[in-house]
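First the structure, in the form of structure tokens, and then the observations on it.
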Amino acid sequence: MALLSLNNIEVAYDQVFLAVRGVSIEVPERGLVALLGANGAGKSTVLKSISGLLKPERGAVNRGEITFDGRSILAIDPPDRVRLGIVHVLEGRRVFGHLTPRENLIAAATMHRDRGHVSALIDRMFQTFPRLAERAKAKAGYLSGGEQQMLAIARALMTEPRLLMLDEPSLGLAPFLVDEIFDIIRAINERDGVAVLLVEQNATAALEIAHSGYLIENGRILMGGTADVLRSNPDVADAYLGGHQKVDYHAVKHYRRRKRWLA
Amino acid sequence: MSIDRRSFIAGTAAVAAQFGFASRVYAEDKIVRFTIAQDFTRIYTFVTSEYNQGQRDYFALVNERGGVGGYKIVADVTDHANDLPRAIEAYERGKREGAVLIDPLSTPVARALVPRALEDKINMITAYSGRSDAADGTAFPYVLPLSINYWTQAGLIIENFKKTEKGSLKGKKIVFVHIDTPFGKEPLSILQVLAQKEGFELLTFPYTPPGNDQSAIWPQVRRARPDFVIFWGAGVGQTVALTEAIRNGLPMDRVSSSVWLSESDMDVVGRDAAKGVMKVEPCVGGREPKVIKDILAEVVAKGKGAGPEAKVGTAYYNYGVQMGALMVEGVRLAAAKAPNGPVTGPWLNDGLRSITNFTAEGLLPPTTVTREDHQGGGMGRIARWDGAKFVPVTDWFAANQDVVWSEIKKNSETFKTTGK
Amino acid sequence: MFYRRAGLRHTRYQDERQLFPLAFDRGLVLTVLAFLIAAPLLLDRLWLTGYLLPWLIWTSAALGLNLLMGWAGQIHLGYGAVMGIGAYAGVHLVRFGVPLEIAMIAGGIMSAGIGTVFGAAALRMKGIYLAMATLAMQFIVDFVISHNAAISGGTLATLQVPAVRFLGVPLTSDWATYYFALFVCFVITLFMLNVKRTSFGRALAALREKDYAAQILGVSTFRYKLMAFWVSSFIGGVVGTVLAVAYLRAVSPDQFHLELSIQILAMIIVGGLGSVLGPFFGTALILFAPIVLNNLLGSVAATFGLDLPIDMRAHLPLLAYGLLVIGFLLYEPLGLAKLYANFRNYMLVWPFRHAQR
């Protein structure tokens, strides 16, 4: 049975504006699932509906069901969802700029009562992210973009989640940093058994590490399958993997470039 | 949308309801309607509920006895919260329902209503509030204070000091502690004129409104070694002033205030500590006057009192009875002149302005309202707190009215030339 | 359904750029305007001077404050003082025999000048700190007015407004003052509706969202913050004069205290920050809910013969009023205008449930 399953959910902002419709997603235990899609496709909305952050943006899940570990979580507050083991790394990092990395990590440990456990967790984070250990005394606001992203992930891991949701971790990062971060994500998934739901624009990088993936467009899931299947799909390759297969565009007829599923 | 039909209908019905019902109509009686819109919730609260209770108890007494001159009094009581839009709404509503008199008991409201009342010919009672120069009936035909204004009160206080000093205040030092608002500064002009005339030295100490903290100025007052102290404020400022005066060891029998001092204030300050302090009394306090006894017997005893029985006979309660009695006397005289009405503003105005030597069976000083003098003669007396009640130390008297009237004329002339 | 958008095809740029592109909105606005113009014929004086007149004047003031708080995002707790400056300047000039039209503008300029000086604090301060600076303005202006007999009008501290004319019409009858206030409110509303469409309005919006982001777009924060204070205070000053001339008819310092500032602030918060419609709703609720509730309780008590003690009778409506305001804000934190917008959005797609953004 899947750890997380979204069954036919529909999200509308302001009661009227429909953002996501008929989305069904499953994340298995210890799975690493990628959610791919263009800008404004509804990826972030899906993540927010899982972590419960729609309310401040005047959105609501109007239909469908979200179950985590077999129980419905729609009626649960965001902080309590974290206690269940769902953690969401927001797009754009959102680290606490005036605190040091260590303080950022401690801030995420409110659910742990045991101090020894907390410091053990912090030590483990610094092992996983050695760059953070180097900058442990600087203010988080002065960290570089990649370091901030690492801090955001580390902070999320402090809650000891069962499901880690990442919203565009590669945003604005240099390619070698993207590789580094994706390696870490894979390591976390394999070593600690944390299920990961990864939202990405960078489909190439995402599909390299993901076990399976979904394609979302205009608020609907268009395709789902294992990473291999997605990678080998010519439409996905054209639309998201950008020239991966070195297509000779002079040879293709123009209409081929349209996404077939939209027709 | 989640405003469902039921809540919409309920809301509409509720709004419609307010326009549907007028207040109780006495179809069989001839009535005179008063709008009693006062501030029960904002600034004047400390006075209003007692004042209003007295007023309504008196109207109840009159109506119990079958009315006056064939008319019954209908008083529409409402709260204007010292807020102008609310007060003006209440005024306009009263006017539409045929009210011929309004008693706002609030200086800001009275000021804003002056041009309207003059224009609409509706009698506005401004007892102990509003413009002091409204005493000039030639400039303000429809604005009737019917009570001694602050200039007169200051004149009475000074005259009493003079009596204490056996007829001369020359070389004496009088301190005037006042709230730093137009209301608090109002007596200054009279006091300055009197200081010149009587030859005393006047020192003034303003405190910032609302006067919760006056600890900075009272030591200065003590150091000035005054012969007399006048403190002038309203509400919390009064009790704080008195407390500070006591703490700084000023002799209580040489401290005096205006009409705004009551038994409730004494409870705050401490009944014994305040022994000796003086105030101006515009009417008799306590339950001794015959009118108050009648109210107790005919209204309160029958369970028709407008408020708690304990308040009957307190200073502000009696002010209310005083004003109620004057209004009703106006109705009586108007009805005597034109028994069949029609009941209009001018009809009542005629009655109010021909009140002559009215004492309400010993409650007030002899009061005579004329077309020129809306103050009613300017008589009052000084009373002293003896630890349990205010005991009069003088008889009814009027003093320094020449100075007061020159100030009244000065201001009302300006109003005549620049007002509408 | 009612606000039909289907089949709307604009063929000229003017059509698309008009204030109300939807025919239904245009009709609604025209109907309300027609009603307001015909009001003196339809309603009796209680409604005209007891409700509509203060509604128009307070709404005009709230619109002025909304420009500063809703559009430019600068908090102001001393708007009552701004109006007071305008009222005193205007009334003094009118008493000197200056025509009302000029006195109004002069009152506005006076307010704008003093308001901008205090607004300069906004160049360095934000949020709660700016609130304190403008609060200081309120108290300083209060103090100066009530301690200057020359300004406040002598011992009685009351300035009577003489009989005045506006564009040749003497403002003595009810309908003349009403139309005067309606005219001023109309002009200000029109201005506010159009501000959004100008570069000035967009600069203010940029300031509100992120002032340093605005700066790197070439919007001078220095200039536009001061301009926001200038324009808003100018409107406040003009409305102050209108308030004095058309409604109060006698000005005294206590009319422009902090209570007025808070009242107007409440109007735009309850109505909806940054909305033109909001102040109209907010003013109606803040000004009239206490009156309506009070009368309602009075008539209910009279009908059912309830004998409530007067203190209870006076305080119950205030309690209900407080609950009403909190209730509205809990239900829709963005104010009454947003409530209407929700309804309108719903009707725009009705009978369907959703529109795709």
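Would you please name the residue that is nearest to the other protein chains (Cβ to nearest Cβ), looking only at residues in segment B:68-81 that are crowded, with 21+ Cβ neighbours inside 10 Å and of a type outside the set (Val, Ile, Thr)?
Filtering segment B:68-81 for residues that are crowded, with 21+ Cβ neighbours inside 10 Å and of a type outside the set (Val, Ile, Thr), the one nearest to the other protein chains (Cβ to nearest Cβ) comes out as B:79.
Which one is farthest from the other protein chains (Cβ to nearest Cβ) among residues in segment C:276-314 that are small (Gly, Ala, Ser) and in contact with a Gly (Cβ under 7 Å, 6 or more places away or on another chain)?
Among those residues, the one meeting the criterion is C:278.
Being without any contact (Cβ under 8 Å) to a residue 60 or more places away in the chain, more than 10 Å from every other protein chain (Cβ to nearest Cβ) and of a type in the set (Phe, Trp, Tyr) narrows it down to one residue among C:328, C:343; which is it?
C:328
Criterion first (among the aliphatic types (A, V, I, L, M), more than 20 Å from residue B:55 (Cβ to Cβ) and in a helix (DSSP H, G or I)) does residue B:292 satisfy it?
no
May I ask you to verify whether residue B:41 is at pLDDT below 90 and within 9 Å of chain C (Cβ to nearest Cβ)?
The answer is yes for residue B:41.
List pairs: first residue in segment B:50-72 and on the phi > 0 side of the Ramachandran plot, second residue not in a helix (DSSP H, G or I) anywhere in the structure, Cβ distance under 6 angstrom, at least six positions apart or on different chains.
B:70/B:30
Determine which member of the set B:211, B:130, B:184 is buried (at least 22 other Cβ atoms within 10 Å of the Cβ), assigned to a loop (DSSP other than H, G, I, E, B) and within 12 Å of chain C (Cβ to nearest Cβ).
Of the residues listed, the single one that is buried (at least 22 other Cβ atoms within 10 Å of the Cβ), assigned to a loop (DSSP other than H, G, I, E, B) and within 12 Å of chain C (Cβ to nearest Cβ) is B:130.
Quickly run through segment A:23-52 and pick out the residues that are assigned to a strand (DSSP E or B) and among the β-branched types (Val, Ile, Thr).
A:23, A:25, A:27, A:33
Under 22 Å from residue A:119 (Cα atoms) and free of Cβ contacts under 8 Å to residues at least 60 places away in the same chain: is that true of residue A:136 in this structure?
yes
Tell me yes or no: at least one residue of segment B:340-350 is surrounded by fewer than 24 Cβ atoms within 10 Å (Cβ to Cβ), within 22 Å of the chain's Cα centre (by Cα) and among the hydroxyl-bearing types (Ser, Thr, Tyr).
no
Could you grab me the full set of residues in segment C:330-339 that are part of a helix (DSSP H, G or I) and surrounded by 17 or more Cβ atoms within 10 Å (Cβ to Cβ)?
Of everything in segment C:330-339, those that are part of a helix (DSSP H, G or I) and surrounded by 17 or more Cβ atoms within 10 Å (Cβ to Cβ) turn out to be C:336, C:337, C:338, C:339.
Could you list, in sequence order, all residues of segment B:240-262 that are buried (at least 21 other Cβ atoms within 10 Å of the Cβ) and part of a helix (DSSP H, G or I)?
B:240, B:241, B:242, B:244, B:245
Which residue is farthest from the other protein chains (Cβ to nearest Cβ), if the candidates are limited to segment B:266-301 and must be farther than 19 Å from residue B:360 by Cα and without any contact (Cβ under 8 Å) to a residue 60 or more places away in the chain?
Top of the filtered list is B:273.
Please pick out the residue among B:109, B:74, B:68 that is touching a helix residue (DSSP H, G or I) at 6+ places or on another chain (Cβ under 7 Å), under 27 Å from residue B:285 (Cα atoms) and not hydroxyl-bearing (Ser, Thr, Tyr). Quick ask: steps written out before the conclusion?
Details: B:109 fails: under 27 Å from residue B:285 (Cα atoms); B:74 fails: touching a helix residue (DSSP H, G or I) at 6+ places or on another chain (Cβ under 7 Å).
Of the residues listed, the single one that is touching a helix residue (DSSP H, G or I) at 6+ places or on another chain (Cβ under 7 Å), under 27 Å from residue B:285 (Cα atoms) and not hydroxyl-bearing (Ser, Thr, Tyr) is B:68.
Return the residues of segment A:189-212 that are farther than 10 Å from residue A:30 by Cα and either among the hydrophobic types (A, V, I, L, M, F, W, C) or assigned to a strand (DSSP E or B) (or both); say none if nothing qualifies.
Within segment A:189-212, A:197, A:198, A:199, A:200, A:203, A:205, A:206, A:207, A:209, A:210, A:212 qualify.
Give just the number: which of (1) out of contact with any helix residue (DSSP H, G or I) (no Cβ under 6 Å at 6 or more places or on another chain); (2) within 25 Å of residue B:87 (Cβ to Cβ); (3) among the charged types (D, E, K, R) does residue C:249 not satisfy?
(1)
Among the residues of segment B:60-72, are any assigned to a helix (DSSP H, G or I) and basic (Lys, Arg)?
no
Which numbered condition trips up residue B:333, out of (1) on the phi > 0 side of the Ramachandran plot; (2) not assigned by TED's automatic domain parsing to the domain that holds residue B:183?
(1)
Just to be sure before I move on: is residue C:228 assigned to a helix (DSSP H, G or I) and either of a type in the set (Val, Ile, Thr) or within 14 Å of chain B (Cβ to nearest Cβ) (or both) in the structure I sent?
no
Report, by residue number, each residue of segment A:13-41 that is over 16 Å from residue A:216 (Cβ atoms), touching a residue at least 24 places away in the same chain (Cβ under 8 Å) and surrounded by fewer than 23 Cβ atoms within 10 Å (Cβ to Cβ).
A:13, A:14, A:15, A:28, A:29, A:30, A:31
If you check residue C:302 against the conditions, is it surrounded by fewer than 17 Cβ atoms within 10 Å (Cβ to Cβ), at pLDDT below 90 and assigned to a helix (DSSP H, G or I)?
The answer is yes for residue C:302.
Check segment B:162-169 and report whether any residue there is within 14 Å of chain C (Cβ to nearest Cβ) and aliphatic (A, V, I, L, M).
no
In segment C:84-139, what residues are among the charged types (D, E, K, R) and farther than 18 Å from residue C:230 by Cβ?
Within segment C:84-139, C:95, C:101, C:126 qualify.
Check whether at least one residue in segment B:361-377 is touching an Asp or Glu at 6+ places or on another chain (Cβ under 6 Å) and either part of a strand (DSSP E or B) or over 20 Å from residue B:260 (Cβ atoms) (or both), and report yes or no.
no
The conditions are (1) away from every other protein chain (no Cβ under 14 Å); (2) of a type in the set (A, V, I, L, M); (3) more than 28 Å from residue B:121 (Cα to Cα), and residue B:403 fails exactly one of them. Which is it?
Single failed check for residue B:403: (1).
I want to confirm something. Restricting to segment B:95-122 and keeping residues that are under 16 Å from the mean Cα position of the chain (by Cα) and of a type in the set (Val, Ile, Thr), which single residue is nearest to the other protein chains (Cβ to nearest Cβ)?
B:107
So how many residues does segment A:1-20 have that are within 19 Å of residue A:84 (Cα to Cα) and not in a strand (DSSP E or B)?
Total meeting the criteria: 3.
Can you tell me how many residues in segment C:213-264 are at positive phi and either without any contact (Cβ under 8 Å) to a residue 24 or more places away in the chain or among the hydrophobic types (A, V, I, L, M, F, W, C) (or both)?
Final tally of qualifying residues: 1.
Of the numbered conditions (1) facing chain B (nearest Cβ under 8 Å); (2) more than 18 Å from residue B:88 (Cβ to Cβ), residue C:317 satisfies every one except a single condition; which is it?
Every condition holds for residue C:317 apart from (2).
Given the criteria in contact with a helix residue (DSSP H, G or I) (Cβ under 8 Å, 6 or more places away or on another chain), away from chain C (no Cβ under 14 Å) and more than 30 Å from residue B:331 (Cβ to Cβ), does residue B:158 qualify?
It is true that residue B:158 is in contact with a helix residue (DSSP H, G or I) (Cβ under 8 Å, 6 or more places away or on another chain), away from chain C (no Cβ under 14 Å) and more than 30 Å from residue B:331 (Cβ to Cβ).
The values are calculated or read from the model by the stated rules, or taken from the named source; none is laboratory data. These numbers were taken from a predicted model, which means no experiment stands behind them. FYI the Cβ positions are ideal-geometry reconstructions off the backbone, even for glycines, and counts take in every protein chain you see.
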